[in-house]
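The values are calculated or read from the model by the stated rules, or taken from the named source; none is laboratory data. From a predicted model like this one, the values you see are computed outputs, not experimental measurements. Positions of Cβ are generated from backbone atoms using ideal geometry, with glycine treated the same way; all protein chains shown enter the neighbour counts. For accessibility, only protein heavy atoms count, side chains too; no ligands or nucleic acids. Shrake-Rupley method; radii C 1.70, N 1.55, O 1.52, S 1.80 Å.
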Amino acid sequence: MKPGTAGRPDPVQGPVRWEEALLPSPGHQVPVRVYRPGTRPGGWLVWAHGGSWQYGSAAQWHEVTADLARFSGCGVVSVDYRLAPAHRYPAALLDVLTAVRWARREAVRETGAPLVAVGGDSSGGTLAASAALVLRDSGEPLVGQFLAYPPFDPACRAPSYRADAQAYPSADQLRAAWQRYRGSAPVHPRSDVLYSTPLEARDVGGVAPAVLAVGDQDPVVDDVRAYADTLRRAGVPTSLRLFHDTPHAALVMPPRQWSTERVHPMRQWLGRMVAARFSTVTTDNPQQEEM
């Protein structure tokens with residue numbers, strides 16, 4: 001364990017404490033950073049960082065996950081999942097699932113209920129959405145899923161990928177990232193699998209309530225809107241916020257680069273949505289209360 005504190009104290013939550021840990025998993029251990037807000041956590045959010053499934057780490061996402069703990073008042077587990085191409089699908093997804101199951105046990109120990117949500121940004125958001133479907137299939141309910149600008153279509157066919165030739169990530173960059181992560185096989189709907197993308201699910205009904213955030217300048221915006229529509233048609237409680245004048249990877253950008261607000265608007269909004277979700281669930285059936 002390597003303890004520390006993160007950032008300036010929030011006037012309500014106080015400082016965020018954090019430590020590094022290794023979670024046992026078949027054949028290896030999953031490194032994580034565990035964040036605890038100043039108050040006793042009211043549940044746990046397992047977070048998967050972005051980086052096109054190939055880059056990034058819990059350390060590089062430190063300020064993001066510390067802010068999520070601060071704004072939500074929940075514990076956050078930031079997963080250092082195995083990266084492609086050295087570790088291809090489904091290695092990263094399995095590591096996220098390991099962290100979810102650890103957090104579930106921790107939540108039961110602390111609160112008496114399995115109050116756990118999953119989330120991620122960019123490729124980590126894709127992992128989180130896929131994990132939510134796997135956990136639905138296995139009968140392990142989540143409080144919610146919190147997805148920041150996740151790509152869903154390995155072919156990158158939506159018009160938003162062609163709207164701005166200078167925007168990051170380009171369709172070519174994302175298609176190459178998808179190929180390094182999951183190979184070149186086409187997406188075919190199937191069931192009872194470790195999904196590489198939610199588009200492989202025959203039906204998304206019964207998955208955890210979803211909160212999605214994306215910028216209006218993000219090439220993946222059409223993917224996010226389409227998935228929100230798919231969730232709603234399936235009866236899944238879904239909230240989508242479109243952030244104005246906002247590019248991809250907004251969570252890891254200093255807010256001064258793209259916002260006049262003093263606090264980081266997307267981190268704050270997601271954290272508050274996590275807090276609102278946890279405050280409305282019941283311990284008897286945490287997936288049935290709507291946001």
Legend entry - Given (1) within 29 Å of P247 (Cβ to Cβ); (2) modelled with pLDDT under 95, index of the condition G50 fails: (2)
Legend entry - region 193-217 residues that are more than 9 Å from L133 (Cβ to Cβ), paired with ones that are part of a helix (DSSP H, G or I) and among the basic types (K, R) (beta carbon under 6 Å, 6 or more apart): S196/R182; G206/R136
Inset, instruction - Please tell me if P159 is in contact with a His (Cβ under 9 Å, 6 or more places away or on another chain) and either open to solvent by 30 Å² or more (accessible area, probe 1.4 Å) or touching a residue at least 60 places away in the same chain (Cβ under 8 Å) (or both). - result: no
Legend entry - region 35-54 - residue that is under 15 Å from the mean Cα position of the chain (by Cα) and not in a loop (DSSP other than H, G, I, E, B) and, of those, farthest from L93 (Cα to Cα): W44
Legend entry - Some residue of region 126-144 being modelled with pLDDT under 95 and surrounded by fewer than 21 Cβ atoms within 10 Å (Cβ to Cβ): yes
Inset, instruction - Could you grab the pairs with beta carbons closer than 6 Å, sequence gap of 6+ or different chains, first residue in region 226-255 and touching a residue at least 60 places away in the same chain (Cβ under 8 Å), second one open to solvent by 30 Å² or more (accessible area, probe 1.4 Å)? - result: P247/Q217; H248/Y168
Inset, instruction - Pull up region 37-72, narrow it to residues that are in contact with a helix residue (DSSP H, G or I) (Cβ under 7 Å, 6 or more places away or on another chain) and among the polar types (S, T, N, Q), then point me to the one that is surrounded by the most Cβ atoms within 10 Å (Cβ to Cβ). - result: S72
Inset, instruction - Determine whether Y55 is more than 25 Å from P219 (Cα to Cα) and aromatic (F, W, Y). - result: no
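Given the residues V16, V30, which is the only one that is in a strand (DSSP E or B), modelled with pLDDT under 95 and either among the hydroxyl-bearing types (S, T, Y) or open to solvent by less than 20 Å² (accessible area, probe 1.4 Å) (or both)?
V16
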Inset, instruction - Taking Y168 as the residue in question, decide whether it is aromatic (F, W, Y), closer than 19 Å to F146 by Cβ and assigned to a loop (DSSP other than H, G, I, E, B). - result: no
Legend entry - Subset of region 168-203 that is modelled with pLDDT under 95 and in contact with a helix residue (DSSP H, G or I) (Cβ under 9 Å, 6 or more places away or on another chain) - its residue that is nearest to V220 (Cα to Cα): V187
